[in-house]
Amino acid sequence: QVQLVESGGGLVQPGGSLRLSCAASGSIFSIDTVGWFRQAPGMQRELVAAAARGSNPSYLDAVNGRFTISRDNAKNMVYLQMNNLKPEDTADYYCYADPSGYGIEYWGKGTRVTVSS
């Protein structure tokens, strides 16, 4: 069982940056894929970024070039660096883990990001 706890959300002005962190209660070294989803009010949850072992990270087109996902297996941490934030990035951001590559088994409770002037 792995528990995921996100942090780093908050209010930021358009064009600003935030770094989200996801702390795992156990080792993520052997977990196939970790990543981030987001859900804006009234919208469906969407995959923002994923980092799979042995593969290049993948990104939602809308954030490609602005967001960077990274995983620190030694610290059991997953990060999402978000630059040049836009109002449409406002959402609750959720960390997830897919241990085997066949399905998401673990979710965090989310952290809220609000981009507004």
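The values are calculated or read from the model by the stated rules, or taken from the named source; none is laboratory data. Just so it is clear, the structure is predicted and the values come from calculations on it, not from any experiment. Cβ placement follows ideal geometry from the backbone for every residue including glycine, while neighbour counts extend to all protein chains displayed. Accessible surface areas use protein heavy atoms only, side chains included; no ligands, DNA or RNA. Shrake-Rupley method; radii C 1.70, N 1.55, O 1.52, S 1.80 Å.
Some points to look at:
- Residue count, segment 61-74 (criterion: modelled with pLDDT of 95 or more, part of a loop (DSSP other than H, G, I, E, B) and either of a type in the set (Lys, Arg) or open to solvent by 40 Å² or more (accessible area, probe 1.4 Å) (or both)): 4
- Residues that are open to solvent by 60 Å² or more (accessible area, probe 1.4 Å) and either farther than 21 Å from Ala52 by Cα or in a strand (DSSP E or B) (or both) within segment 99-108 comprise just one, Trp107.
- Any hit, segment 79-96, residues being over 23 Å from Ser17 (Cα atoms) and assigned to a loop (DSSP other than H, G, I, E, B): no
- Condition met for Ser17 (open to solvent by 20 Å² or more (accessible area, probe 1.4 Å), out of contact with any strand residue (DSSP E or B) (no Cβ under 9 Å at 6 or more places or on another chain) and in contact (Cβ under 8 Å) with a residue 24 or more places away in the chain): no
- Pairs where the first residue, in segment 96-117, is without any contact (Cβ under 8 Å) to a residue 40 or more places away in the chain and within 14 Å of Ile28 (Cβ to Cβ) and the second is acidic (Asp, Glu) and open to solvent by 40 Å² or more (accessible area, probe 1.4 Å), C-beta under 9 Å, 6+ apart: none
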